[in-house]
Amino acid sequence: MANPILVRAQTAHGVTTVACLVKHPMDSGFVKKAGKLIPPHYIEVIEFTHNGKTVLTGFWGPAVSRNPFFSFAFKGGKKGDTVGIAWVDNKGERAAVSAKIA
Amino acid sequence: MRRWLLLLLALAAPVAAAAAPNPAADRAAFQGWFRHLFPQLPLAKYVDGPYNFSASERAQWQQIMELPPYGFAVDHGKALFDARFPDGAGYASCFPHGGIGIAQDYPQFDPKTGRVVTLPIAINRCRVAHGLPKLKLTTGDLADIDAYMVRTSRGHKIDVVVPDTKPALAAYEAGKEYFYSRRGQLNFSCASCHLQYPGHRVRGDTLAPALGITASFPIYRSKWGNMGTLVRRFIGCNKNIRSAPDKPDSLAYRDLEYFLTAMSNGLPIAGPGARP
Amino acid sequence: MRGAAVVLLALGIGFAHAAPAPDLAAAKVAVAAADAAAGRARAAGDQWMPTLAALKAAHVALARGDAAAAVTAATHARHLALLSLRQAAEQKRLWRNEVPRQ
Amino acid sequence: MTGKGGCVKHELRILALAALCSLVPLAARAAPTAADIAAGRKIAFTKTLGNCIACHVIPGGAQPGNIGPNLTHIRVLVPHRKDAYAIIFDEPARKPQTPMPPFGRNHILTPAQIRQVIAFLYSHK
């Protein structure tokens, strides 16, 4: 896959912690290479779901680092449930992945 | 008369010590220096570099390491490593044990060319032997291949051999002189920061100890946003002290890597690493 | 716009005073001396980045025909190169002081 | 000593004389102005200039390093400004093992800039 997302979701004491690593250049559009600006290319919206229901929506932008690492926690997740991650960037490219809570 | 002889001997001893390079004695003194600085810190822990000295950085790092940022580079490096050359061979054919678990034996001294060969340079040599162009030694595909090969060597004890021959010892001694010589407009040596002040802070950055510093390379630096080899870091260090950097494949950097890695013999390979 | 005019004027005055041929010849000599000193510093394995920056400025000024600026930059570059040469010569002896002993 | 080394020494001696000449008016200089203090502050906190904050704690500087001494009470550490000038100008001449760069000798800062830094450092009571 061109744009892989690595996910780790674990639950303990009723709290599920999701950590993910998203492969993306996240070019801000302000950096020059050989005198020419690298065109902006960054994730605009990233959505995290739990069994299909949205639990977190992130509005990212050019200030987020390349290959971002992101982690958050929510209540109500159980072992074996599905966590989904999907993003869309400013060029309309998208990627999605789902994983089971361990 | 006997007193004169003793005095002569006492005078001659230090001269002899300075004249004949002795990597084993140097290593004992080098590691002893760090043990003296941080008596509580086990030797194997030095490979974690700055994270030994800052609790907050360590906590962040441990969280990051759940999904290491160099993961993509290792996967990419493995794909490149496993790909065949146009002549049908692969990287595995150039190295002992098929290139798996051997990073601890580099850099090596090549008696044929009389030069030190680091792992990235060995990867390029392999390419040239099979009719392919060299790759950039600092970052990109080569750093990814390096990352994969180092990943397969994790935990192996660093074992850099300095043969007891004149050219090998000369290369070692040149690397040692480079490490301790002050250079650049700011008048720093490698030792000024990484031997005298490990664990101290330069602005917000914690200085890594020279001992074990090579064990985590190549590294994913958040500042870079991708992988970089040890030579890339040498170049960055030189620029920081306003010293014009050498070429990535220069003898100066090869010898420096030779000396520096030899000082960490016995410590485990911990690369690829992640640094701020 | 006015700023640019002032700069142009200043350059013009510079020309008027520094343009005569002997000055440009002197600048060439100064730049050549700086080049030689920087070459020796490189050979000694201790080139400073500010030396290279000053040297570049000297060459640019010379190409522009600004003899006064070329001499100033070249003199600075030569001073820095000499300082780095002294550093390299001293370190041949002093580096051993930084080696830990047991 | 080779001929080459001797030549370097000679040329550097002339340079040192020039540097000394710029030292002479130090004593006669008027009290530092607010502009001097502001300029010194900028030099002390800017990486491409003095970057003093990289190693020293200085009042008003964020994320200081801890390699050199805390300069909050520089008046106690170094009572005389001319000693501070000597330290900033060429500390390795006094202590060869110091990590402090020779700011004046190596032309990292000009004598005027060093005086501005001193004006800033001594502006803390």
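The values are calculated or read from the model by the stated rules, or taken from the named source; none is laboratory data. Not measured: the values here are computed from a predicted model. Please note: Cβ atoms are built from the backbone with ideal geometry, for glycine as well, and neighbour counts cover all protein chains shown. With ligands, DNA and RNA removed, areas are computed over all heavy atoms of the protein, side chains included. Shrake-Rupley method; radii C 1.70, N 1.55, O 1.52, S 1.80 Å.
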Hey, could you check segment A:44-58 for residues that are open to solvent by 50 Å² or more (accessible area, probe 1.4 Å) and of a type in the set (S, T, N, Q) and say which is farthest from B:Arg221 (Cα to Cα)?
A:Asn51
Do we have B:Gly131 as part of a loop (DSSP other than H, G, I, E, B), at positive phi, surrounded by fewer than 22 Cβ atoms within 10 Å (Cβ to Cβ) and touching a helix residue (DSSP H, G or I) at 6+ places or on another chain (Cβ under 9 Å) here?
no
Using the structure shown, decide if A:Pro68 is closer than 18 Å to A:Val97 by Cα and not acidic (Asp, Glu).
yes
If you go through segment B:152-171 one residue at a time, how many are in contact (Cβ under 8 Å) with a residue 60 or more places away in the chain and under 24 Å from B:Gly101 (Cα atoms)?
9
Cβ-Cβ distance below 6 Å, separation of 6 or more or different chains: which pairs start in segment B:23-34 with a residue that is within 7 Å of chain C (Cβ to nearest Cβ) and end on one that is buried (at least 20 other Cβ atoms within 10 Å of the Cβ)?
B:Phe30/B:Met263
Restricting attention to segment B:240-250, does a residue exist that is in contact with a Ser or Thr (Cβ under 6 Å, 6 or more places away or on another chain), outside the structural domain of B:Pro120 (by TED's automatic domain parsing) and over 25 Å from D:Gly104 (Cβ atoms)?
yes
Only one of (1) modelled with pLDDT of 95 or more; (2) open to solvent by 40 Å² or more (accessible area, probe 1.4 Å); (3) polar (S, T, N, Q) is not met by D:Gln97, so which one is it?
(1)
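Listed here are the residues, each with its yes/no results for (1) within 14 Å of chain B (Cβ to nearest Cβ); (2) open to solvent by 60 Å² or more (accessible area, probe 1.4 Å); (3) at pLDDT 95 or above.
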site: D:Ala34; (1), (2), (3): no, yes, no
site: D:Phe45; (1), (2), (3): yes, no, yes
site: D:Pro59; (1), (2), (3): no, no, no
site: D:Val76; (1), (2), (3): no, yes, no
site: D:Pro79; (1), (2), (3): no, yes, no
site: D:Ile108; (1), (2), (3): yes, no, yes
site: D:Gln113; (1), (2), (3): no, no, yes
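Just to check your reading of the model, which residue among A:Val22, A:Val83, A:Val15, A:Val97 is under 18 Å from B:Trp224 (Cα atoms) and either open to solvent by less than 30 Å² (accessible area, probe 1.4 Å) or in contact (Cβ under 8 Å) with a residue 60 or more places away in the chain (or both)?
Selected residue: A:Val22, the only one of A:Val22, A:Val83, A:Val15, A:Val97 that is under 18 Å from B:Trp224 (Cα atoms) and either open to solvent by less than 30 Å² (accessible area, probe 1.4 Å) or in contact (Cβ under 8 Å) with a residue 60 or more places away in the chain (or both).
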Give me a count of the residues in segment A:5-47 that are under 13 Å from A:Pro68 (Cβ atoms) and aromatic (Phe, Trp, Tyr).
1
If you take the residues of segment A:58-75 that are at pLDDT below 90 and over 11 Å from the mean Cα position of the chain (by Cα), which of them is nearest to the other protein chains (Cβ to nearest Cβ)?
A:Arg66
Segment D:61-74, subset without any contact (Cβ under 8 Å) to a residue 24 or more places away in the chain and within 12 Å of chain B (Cβ to nearest Cβ), residue surrounded by the fewest Cβ atoms within 10 Å (Cβ to Cβ):
D:Ala62
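Being small (Gly, Ala, Ser) and open to solvent by less than 20 Å² (accessible area, probe 1.4 Å) narrows it down to one of A:Gly76, A:Gly61, so name that one.
Values: A:Gly76 fails: open to solvent by less than 20 Å² (accessible area, probe 1.4 Å).
Going through A:Gly76, A:Gly61 in turn, the sole match is A:Gly61.
Would you please name the residue that is farthest from the chain's Cα centre (by Cα), looking only at residues in segment B:139-195 that are among the basic types (Lys, Arg) and open to solvent by 40 Å² or more (accessible area, probe 1.4 Å)? Let's see the steps before the verdict.
Let us first name the residues in segment B:139-195 that are among the basic types (Lys, Arg), namely B:151, B:154, B:157, B:166, B:176, B:182-183.
Still in the running and open to solvent by 40 Å² or more (accessible area, probe 1.4 Å): B:151, B:154, B:157, B:166.
Working: B:Arg151: 15, B:Arg154: 15, B:Lys157: 13, B:Lys166: 22 Å.
Applying the filter and picking the extreme gives B:Lys166.
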Which of the helices (runs of 4 or more DSSP H) found entirely inside chain C contain at least 1 residues meeting this: within 14 Å of another protein chain (Cβ to nearest Cβ), at pLDDT 95 or above and farther than 30 Å from B:Leu211 by Cβ?
C:21-43, C:49-64, C:67-94
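Would you mention how many residues in segment B:101-117 are among the charged types (D, E, K, R), assigned to a strand (DSSP E or B) and either crowded, with 22+ Cβ neighbours inside 10 Å or out of contact with any strand residue (DSSP E or B) (no Cβ under 7 Å at 6 or more places or on another chain) (or both)?
Filtering segment B:101-117 down to residues among the charged types (D, E, K, R) leaves B:105, B:110, B:112, B:115.
Retained after the next criterion (residues that are assigned to a strand (DSSP E or B)): B:110, B:115.
Subsequent filtering for residues that are either crowded, with 22+ Cβ neighbours inside 10 Å or out of contact with any strand residue (DSSP E or B) (no Cβ under 7 Å at 6 or more places or on another chain) (or both) retains B:115.
Counting residues in segment B:101-117 that are among the charged types (D, E, K, R), assigned to a strand (DSSP E or B) and either crowded, with 22+ Cβ neighbours inside 10 Å or out of contact with any strand residue (DSSP E or B) (no Cβ under 7 Å at 6 or more places or on another chain) (or both) gives 1.
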